[in-house]
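Single-structure report; data block below.
The values are calculated or read from the model by the stated rules, or taken from the named source; none is laboratory data. Everything quoted here is computed from the prediction, not taken from an experiment. Cβ placement follows ideal geometry from the backbone for every residue including glycine, while neighbour counts extend to all protein chains displayed. For the accessible areas, the whole protein counts, side chains as well, though only heavy atoms, and no ligand, DNA or RNA atoms are used. Shrake-Rupley method; radii C 1.70, N 1.55, O 1.52, S 1.80 Å.
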Amino acid sequence: MAVNLLLGLQWGDEGKGKIVDVLTNDYDIIARFQGGPNAGHTLEFDGYKHVLHTIPSGIFHKTAINLVGNGVVIDPVILEKELKNLAKFNVDYKKSLLISRKAHLILPTHRLLDAASEAAKGKAKIGSTLKGIGPTYMDKTGRNGIRVGDLELSDWKERYRNLANKHEAMIEFHGVELEYDLKALEEDFFSAIESLKELTFIDSEEYIFEAQRQGKTILAEGAQGSLLDVDFGTYPFVTSSNTTAAGACTGLGIAPNKIGDVFGIFKAYTTRVGSGPFPTELFNDEGARMAKVGHEFGSTTGRARRCGWLDLVALKYAVQVNGVTQLMMMKGDVLSGFNTLKICTAYKYKGETITHFPYNIEPENVTPVYTEVKGWSEDLTEMTDKSQFPKELNDYIEFLEKELETPITIVSVGPDRKQTINR
Ligand code: IMP
């Protein structure tokens, strides 16, 4: 059975959590394949809002197995908090949550290193979520990391100490003032490790292989967005993992020829948290309105998200890099009431008009070229069927489908599970 992928196509925060939750009824297994607690996947139903950072978004469905794959980095302290929240909602996570032995652990000193590295960068900082993501992936590729499976070895604490000591020396090297109490952080960490050990550790690639053999349906849930991919994103203002489709192969052990549908999620406009170029960013009332109506504040850090018009040059690039087969448009409701909507369909780049995503999209190189379309005034949030869509919304959707050469199969008109319309 093919594995379907669900990915964010912009700079993250597209609403992946909500759509995974909506789609979970169709799947036996939901698997995260990259990123870590820098993600904040929000799900709303029955009047509650849940934010998941490490745990896959299928966890509230009784029958689905949720797998944290080898490509994910896990902070046991954050995971423990997530588990405590789930317990309040009677989720039997000891049965439905599995952890790959090959997933790497975020140590307290990884978080401190993240903070020291960002502080040392000054104005050039990435705007990291400071969850220790970069330093943990550095240790993974540097072959120094500690993996979940290591917790089953007798000498893991010794290895922990050696690595933490090395990190402390690296923190000092950065030469910034950083106040911390490592003993207290370690106390929390070791206590959280005990909670982690109560979960089931598996050889996840074998599990996935066997599940495929048995015809089980699997959805791989991406985190962050394609423009934050360490290879294809707006480097160096990116995260440290492959957020694009290829990341699902390495982050779960899925063979490329076993990938089926690739669902690409995008907002009807664009947002970005943290530093880095953003050609269609708005600094006026229109941007402020998107931020206010769309509640554009980070679900992990609470930071205000930068807002701007939809960038089709970037979106087309993401569709191509991922091989997207179906698009899902989120937050169309936020654009209600704009007389005119702008869509960036090309860039002026070094004196030329281009429609591909170039090496460098810094403002000194790129000016967006806009196509203007008529907006709609109707409130979409109560709509339950596509037949209720205003003409201008249908025109907007059809324009995007034509440009992206990919069908938009779901339109989301609000954060609740119920506010999801199939086309
Ligand atoms: P890091 O992954 O925490 O190192 O952050 C690197 C960059 O990616 C920063 O600009 C973050 O704001 C951004 N980022 C990381 N995770 C997310 C996410 O889940 N949503 C949106 N932006 C993110």
With x for Gly and Pro, the residue-by-residue ³J(HN,Hα) of segment 65-72, computed from phi through the Karplus equation 6.51 cos²θ - 1.76 cosθ + 1.60 at θ = phi - 60° and given in whole Hz, is 8, 10, 10, 9, x, 4, x, 8
With everything on Cα atoms, drop me the angle between helix 76-88 and the longest principal axis of the chain, reported from 0 to 90° to the nearest 10.
70
Helix 312-322 sits off the longest principal axis of the Cα atoms of the chain, rounded to the nearest 10 on a 0 to 90 degree scale, by 50
Along the Cα→Cβ direction, 7 angstrom out, place labels at Phe89 and Lys62. What is the inter-label distance in nm?
1.6
Might you report the magnitude of the Cβ-based charge dipole of the chain about its Cα centre, with Lys and Arg at +1 and Asp and Glu at -1, to the nearest 20 debye?
180
3J(HN,Hα) from dihedral phi, segment 180-193, Karplus parametrisation 6.51/-1.76/1.60, rounded to Hz, x for glycine, proline
7, 10, 4, 4, 5, 5, 5, 4, 4, 4, 5, 5, 5, 4
Segment 57-163: which trypsin sites (Lys or Arg not before Pro) are DSSP loop and have at most 16 other beta-carbon atoms within 10 angstrom?
Lys62, Arg101, Lys125, Arg143
Any aspartates and glutamates with Cα under 13 Å of the Lys316 Cα? List them, leaving off those in the same chain fewer than 8 positions away.
Glu401, Glu403, Glu405
Work out the charge dipole of segment 343-423 with +1 on the Cβ of Lys and Arg and -1 on the Cβ of Asp and Glu about the Cα centre, then indicate which of Thr371, Phe389, Thr409 is farthest towards its positive end.
Thr409
With the cut-off at 27 Å, tell me which of the pairs Lys18/Lys125; Lys391/Lys418; Lys18/Lys292; Lys16/Lys350; Lys62/Lys84; Lys84/Lys157 have Cα atoms farther apart than that.
Lys18/Lys125; Lys16/Lys350
Accessible area of Trp156, 1.4 Å probe, to the nearest 10 Å²?
20
Taking the DSSP beta bridges in the chain as the whole, what percent of them are antiparallel, to the nearest 5?
40
Simple label model, 7 Å out from Cα along Cβ direction - Ala119 to Glu401, nm
5.3
Mean residue ellipticity (222 nm) of the chain, computed from DSSP H runs ≥ 4 via -39,500 (n - 2.57), nearest 500:
-9500 deg cm²/dmol
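Filter the chymotrypsin sites (Phe, Trp or Tyr not before Pro) in segment 322-373 down to the DSSP loop ones having no more than 13 other Cβ atoms within 10 Å, then list what survives.
Those that pass, being in a loop and sparsely packed, are Tyr359.
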Treat each spin label as a single point 7 Å out from the Cα along the C-beta direction, and report the Asn360 to Phe173 distance in nm.
2.8
About the Cα centre, charge dipole magnitude for segment 3-52 (Lys/Arg +1, Asp/Glu -1 at Cβ), debye:
160
What accessible surface, in Å², does a 1.4 Å probe find on Thr353, ignoring ligands, DNA and RNA and rounding to the nearest 10?
80
Go ahead and collect, in residue order, the members of segment 62-82 whose backbone nitrogen is under 16 Å from a label point 7 Å along the Cα-Cβ direction of Met1.
62-67
On full extension of the chain, what length is gained from Asp150 through Thr371, given 0.36 nm per residue of separation minus the C-alpha to C-alpha distance?
74.1 nm
To make sure I understand the rule: partners must be lysines, Cα under 16 Å from the Cα of Lys140, and not fewer than 8 residues away in the same chain. Which ones qualify?
Lys102, Lys131, Lys166
Any idea what angle helix 108-121 forms with the longest principal axis of the chain, computed on alpha-carbon atoms, 0 to 90 degrees, nearest 10?
50
Which value, in Å² and to the nearest 10, is the accessible area of Cys307 when all protein chains are kept and the probe is 1.4 Å?
10
Convert each backbone phi in segment 353-360 into a coupling constant with the Karplus relation 6.51 cos²θ - 1.76 cosθ + 1.60 (shift: θ = phi - 60°), then list the ³J(HN,Hα) values in order as whole Hz, x for Gly and Pro.
9, 10, 10, 9, 7, x, 4, 10
